[in-house]
Amino acid sequence: MSVAVTIEAIEKRFENFPALRGVSLDIQPGELVALLGPSGSGKTTLLRLIAGLEEADRGRVLFGDIDTRALSLRDRRIGFVFQQYALFKTMNVADNIAFGLRSRPREERPIASEISKRVKGLLELVQLPGLEKRYPSQLSGGQRQRVALARALAIEPRVLLLDEPFGALDAKVRKDLRAWLRELHGRVGHTTVFVTHDQEEALELADRVAILNAGKIEQVGSADDVYDHPATPFVCEFLGEVNKLPVKVVGSQAFFGDRPVLGGLSQNQGGPASLYVRPQHLRIVDETPLALPGTVEHLRRNGPLRRAEVAVEGLKKRLDVDLASQVAPAIGERVRLRITHGNLFAAA
Amino acid sequence: MTTTASFRWREPSILPGFGLAMGITVTALSLIVLIPLAGLFVKAASAGPADIWAVATSPRTLAALRLSFLGALFAALVNTVFGLILAWVLVRYDFPGRRLIDAAVDLPFALPTAVAGISLAAIYAPNGWVGSWLAPLAFRFTIPFTDVSIGFDGKVAYTPLGVMVALIFIGLPFVVRTVQPVLEELQSDVEEAAALLGANRLRTVFRVILPPVLPALLTGFVLAFARAVGEYGSVIFIAGNIPMVSEIAPLLIVIRLEQFDYAGAAVMATMMLLISFALILAVNLVQARARRRFGDV
């Protein structure tokens, strides 16, 4: 089995709202994939479709080479962690985790002592040993999340699906749990898909990131791929910060107005285009060709980063420029900016 | 009393209003509930021990109390099941006429109970719309090797069964209205989680959906039961009021009053009060325990 999950040309519509418009994705065994996108992009719908909680209007989902439409929810063996965890509040932690095992048909059900052994092992795995008798209302958010994860893992799922796994937690707990989940995934090795709107989370955690926008996958790739080589203007703008310049391409050069700003271009059709430049790819330089004159209007500091906002004539929005440590322009100073790297997209 | 030295008023919040709210509560509760009930006890006590015992143990009193409490219990149980299903349907499904049915649930609250009683009596009478259909269904059946025989003689109106029909009618809204908001609040993700973990529908309903609803269901049961125990207006029209058979306790109290046997009426009333209070208190204690345990997630 080379592919764990195959998503084939899925289309899904809610009333008049097209949630997914032809989505295809292959997920490898043991892979950790993030579905990243703004709210309303269809990422949660896609996750629920893989789980079987929604039905596709068109297209199909395969586990290996089994068409999931033929499988009942039980036979899909999906470990699903809900955004609000969906723990059973009238059951204690041990009963929550054992629920999946006890729900098996009698002949496949482990005996009671085996179940309690498994529960104990899972609680150790999620680092909550000894909490068997607690009720969900007596746990913190992070603990509930880990109980939900243990409950999902108890059924030995084919695929682990996490819906905004860190959405309801505060920043500090999120960071800790993220590192812990990465480490756990390395140890347990389940094929895992998680949904998030937090790009930092997706880029840090996932082997591959699928970026969704308006019901379509814009790009799939490793964190480096999608960040350094965005396939579409949306990906470029969605990931990290970026400046946008309207340019015109002639030959191997891009012109802002009548001033060349970026050279050495290959494989372009020429004509109007948008040039996307990240703040770290703008450098203040002494007078040279291929430079953009502007005025420093604002200086900010964000942790280790120093940033200048530079107004350029003919551009409404000021350019964000990351400053090297030895550069210290003053407000009002005229500077020249060199674009060291940019992504060019033909204007729509 | 000096032994209560350790008792302290619960610290009122820093927000004003404690004194006023407490004052109004105590005054209203006293005027409307506590003083009349105390008066009842005083009146009952005026009868003297021998008379109290005579009234309390007379076969007619016991039969009436038994009918009232067992009938109310049965009606409340029926309403618990039926009301839960009705609330579920109203919350979960959308169908034409849903709002109409939702509104109709409250009718037993609004309708004068006498009107309900007369309507039920007319419909369930042997020649009524429903009663005429029930008559041919009569059966009797003796359990083998015993003298116990059970059966249905085809009549509802003017029998203890008629009493229960009326009690079911007036108690239904209590269960529906207490359970409905809890069902509405149930998150569908819990059900989805159960299904994905492999639980079949039956297990999902009994292990996942019902337990959180149980406290509200119990409240609905108690309310329906309490209402049914004290119900008078609708029952007397359908019950037939045959002493020892279909005579309910509230009616017997009224009969005693009409015979100027005030003390006897007060004794019966006090008995009803004590039994009801004990039952309701017990249920509330069970509930308080459940609430402490599961909290709210």
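Each reported figure results from applying straightforward, stated rules to the coordinates on display, with no laboratory input. Everything numeric in this text was worked out from a predicted model, so none of it was measured. Reconstructed Cβ throughout: ideal geometry from the backbone, glycine too, with neighbour counts over all protein chains shown.
Listed values, structure above:
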{"item": "Among A:GLU156, A:GLU107, A:GLU218: highest mean-square fluctuation, GNM of chain A, C-alpha pairs under 10 Å", "result": "A:GLU107"}
{"item": "Choice from A:ALA311, A:ALA34, A:ALA231 with maximal GNM fluctuation in chain A (Cα, 10 Å cutoff)", "result": "A:ALA311"}
{"item": "Label-reachable residues, the range A:292-319, where backbone N falls under 16 Å from a point 7 Å from A:GLU241's Cα toward its Cβ", "result": "A:296-312, A:317-319"}
{"item": "Relative contact order computed over the range B:49-292 (Cα-Cα under 8 Å; 6+ residues apart), in percent", "result": "31 percent"}
{"item": "Pairwise FRET efficiency - B:SER58 versus B:ALA135, Cβ, R0 = 51 Å, nearest 0.05", "result": "0.90"}
{"item": "Max mean-square fluctuation residue, GNM over chain A, Cα-Cα springs under 10 Å, options A:GLY142, A:GLY314, A:GLY59", "result": "A:GLY314"}
{"item": "Spin-label pair B:ALA50/A:GLU55, simplified geometry with 7 Å Cα→Cβ offset, distance in nm", "result": "8.0 nm"}
{"item": "Value of relative contact order over chain A, rounded to a whole percent, pairs C-alpha under 8 Å and six or more apart", "result": "16 percent"}
{"item": "Virtual paramagnetic centre 7 Å along Cα→Cβ of A:ALA330, amide N under 14 Å, in the range A:285-302", "result": "A:296-297"}
{"item": "Residue mean of other protein chain beta carbons inside 10 Å, A:73-82", "result": "4"}
{"item": "Karplus (6.51, -1.76, 1.60) ³J(HN,Hα), θ = phi - 60°, over the range B:137-150, in Hz, Gly and Pro reported as x", "result": "8, 4, 8, 9, 8, 9, 5, x, 6, 10, 9, 6, 10, 10"}
{"item": "Over the protein assembly as shown: helical MRE at 222 nm, DSSP H runs n ≥ 4 each giving -39500 (n - 2.57), nearest 500", "result": "-14000 deg cm²/dmol"}
{"item": "Peptide A:96-104, shielding by other chains (average Cβ, 10 Å cutoff)", "result": "4"}
{"item": "Candidate aspartates and glutamates for bridging to B:LYS43, where Cα separation is under 14 Å - those fewer than 8 sequence places away on the same chain excluded", "result": "B:ASP51, B:ASP261"}
{"item": "Least to most buried among A:THR340, A:THR196 (fewest other Cβ within 10 Å first)", "result": "A:THR340, A:THR196"}
{"item": "Residue order, fewest to most beta carbons within 10 Å, for B:VAL190, B:VAL81, B:VAL182", "result": "B:VAL81, B:VAL182, B:VAL190"}
{"item": "Extension gain from A:GLU200 to A:HIS229, taking 0.36 nm per residue of separation minus the Cα-Cα distance", "result": "8.8 nm"}
{"item": "Inter-label distance, nm, simple model (7 Å from Cα along the C-beta direction), B:VAL26/A:ARG259", "result": "8.3 nm"}
{"item": "In chain A, lysine pairs with alpha-carbon atoms under 13 angstrom apart (chain gap of 8 or more, or interchain)", "result": "7"}
{"item": "Shielding by partners - mean other protein chain Cβ count within 10 Å, residues of A:50-63", "result": "1"}
{"item": "Net lengthening on full extension, A:VAL250/A:LEU299 (0.36 nm per residue, minus Cα-Cα)", "result": "14.2 nm"}
{"item": "Least to most buried among A:GLU124, A:GLU8, A:GLU287 (fewest other Cβ within 10 Å first)", "result": "A:GLU287, A:GLU124, A:GLU8"}
{"item": "Percent RCO, i.e. relative contact order, over the range B:9-160, from Cα pairs under 8 Å lying at least 6 residues apart", "result": "12 percent"}
{"item": "Residues with amide H under 5 Å from that of A:ALA346, placed H, sequence gap 5 or more", "result": "A:SER274"}
{"item": "The protein assembly as shown: mean projected area of Cα convex hull, nm²", "result": "47.0 nm²"}
